Amino acid sequence: EDRMIVFVNGPFGVGKTTVARLLAEKIPHAMLYDPEKIGAVLHMVLGPFRKVEDFQEYVLWRILLVGGARVLKKVMARTLVVPMTVWRRDLFDRITAGLQGVDEISCFRLTASRDVLVDRISSDSQDPEAYGWRMAHVEVCLRAALDPAFGTEIPTDGRSPTEVADRILNNLTVPAR
């Protein structure tokens with residue numbers, strides 16, 4: 001059976017985590033692998049010693065992201081669905097190159113209009129602390145979302161998360177559950 005890594009990229013507020021959860025449910029033997037959890041731990045542990053604006057700047061984060069994927073693939077032998085906002089091309093290239101060493105990878109970039117992103121970020125009551133960070137990065141994320149190097153574009157405006165997940169599934173060679 002096919003196993004792979006499905007990388008779901010896009011701006012904050014575009015719906016990556018929701019879509020990734022749906023993909024993990026719909027793709028046989030898939031699991032959600034969220035590198036932001038690794039970043040949050042590193043930020044707590046390394047923050048007092050090395051201030052960075054973004055945990056993605058930690059070389060250790062990239063090493064742990066790829067190493068964690070490798071361990072999960074070995075132990076669990078599952079498709080990994082990875083939701084992540086990466087707008088810097090150099091980081092994206094390093095991360096995806098590392099993940100390609102683990103398994104076949106398919107990259108998707110979810111896109112949305114500026115108005116939709118701002119609306120979604122503003123109405124996200126689950127993480128009010130993240131509001132400022134996400135709003136400050138709307139423009140840079142919108143620019144990155146235009147670059148085909150970040151993966152196959154999946155527009156989200158006017159589509160439900162299920163419709164977006166189905167569009168991704170249609171681009172994969174894996175049968176859905």
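The values are calculated or read from the model by the stated rules, or taken from the named source; none is laboratory data. Bear in mind the structure is a predicted one, so any value in this text is a computation, not a measurement. All Cβ positions, glycine included, derive from the backbone under ideal geometry; neighbour counts span all protein chains shown. Remember, those area values only see protein heavy atoms, side chains included, never the ligands or the DNA or RNA. Shrake-Rupley method; radii C 1.70, N 1.55, O 1.52, S 1.80 Å.
Restricting attention to the stretch 42-51, which residues are of a type outside the set (D, E, K, R), open to solvent by 20 Å² or more (accessible area, probe 1.4 Å) and either over 27 Å from Q100 (Cα atoms) or at pLDDT 90 or above (or both)? I'd like the intermediate steps shown before the answer.
At the first step, the residues of the stretch 42-51 found to be of a type outside the set (D, E, K, R) are 42-49.
When the remaining residues are screened for being open to solvent by 20 Å² or more (accessible area, probe 1.4 Å), the result is 43-46, 48-49.
M44, V45, L46, P48, F49, listed by residue number.
crowded, with 16+ Cβ neighbours inside 10 Å, touching a residue at least 40 places away in the same chain (Cβ under 8 Å) and among the aromatic types (F, W, Y): which single residue out of Y58, Y33 fits that description?
On the way: Y58 fails: touching a residue at least 40 places away in the same chain (Cβ under 8 Å).
One residue alone meets the criteria, Y33.
Surrounded by 16 or more Cβ atoms within 10 Å (Cβ to Cβ), on the phi < 0 side of the Ramachandran plot, assigned to a loop (DSSP other than H, G, I, E, B) and of a type outside the set (D, E): is that true of F7 in this structure?
Working: surrounded by 16 or more Cβ atoms within 10 Å (Cβ to Cβ): yes; on the phi < 0 side of the Ramachandran plot: yes; assigned to a loop (DSSP other than H, G, I, E, B): no; of a type outside the set (D, E): yes.
For F7, the condition - surrounded by 16 or more Cβ atoms within 10 Å (Cβ to Cβ), on the phi < 0 side of the Ramachandran plot, assigned to a loop (DSSP other than H, G, I, E, B) and of a type outside the set (D, E) - is not met.
Identify, please: which residue in the stretch 79-94 is in contact (Cβ under 8 Å) with a residue 60 or more places away in the chain and in a helix (DSSP H, G or I) and is, among those, most open to solvent (accessible area, probe 1.4 Å)?
Per the stated criteria, the residue is R89.
From (1) surrounded by fewer than 13 Cβ atoms within 10 Å (Cβ to Cβ); (2) without any contact (Cβ under 8 Å) to a residue 12 or more places away in the chain, pick out the condition that doesn't hold for A149.
The number of the failed condition is (2).
When you go through (1) polar (S, T, N, Q); (2) open to solvent by 20 Å² or more (accessible area, probe 1.4 Å); (3) touching a residue at least 24 places away in the same chain (Cβ under 8 Å) one by one for S123, which number turns out not to apply?
Only one criterion is unmet by S123, namely (3).
Can you find a residue that is open to solvent by 20 Å² or more (accessible area, probe 1.4 Å), outside any helix (DSSP H, G or I) and of a type in the set (V, I, T) anywhere in the stretch 103-119?
yes
Determine if the stretch 69-81 includes at least one residue that is out of contact with any His (no Cβ under 8 Å at 6 or more places or on another chain) and polar (S, T, N, Q).
If we filter the stretch 69-81 for residues that are out of contact with any His (no Cβ under 8 Å at 6 or more places or on another chain), which is where we start, we get 69-76, 80-81.
With the extra rule that they be polar (S, T, N, Q), the set shrinks to none.
Checked against the condition, which is being out of contact with any His (no Cβ under 8 Å at 6 or more places or on another chain) and polar (S, T, N, Q), the stretch 69-81 yields no hits at all.
Restrict the check to the stretch 69-78 and report whether at least one residue is charged (D, E, K, R), closer than 24 Å to N171 by Cα, open to solvent by 70 Å² or more (accessible area, probe 1.4 Å) and in a loop (DSSP other than H, G, I, E, B).
Yes: one or more hits.
Restricting to the stretch 115-173, name every residue that is more than 17 Å from the chain's Cα centre (by Cα), under 14 Å from T18 (Cα atoms) and hydroxyl-bearing (S, T, Y).
Hit for the stretch 115-173 is S160, nothing else.
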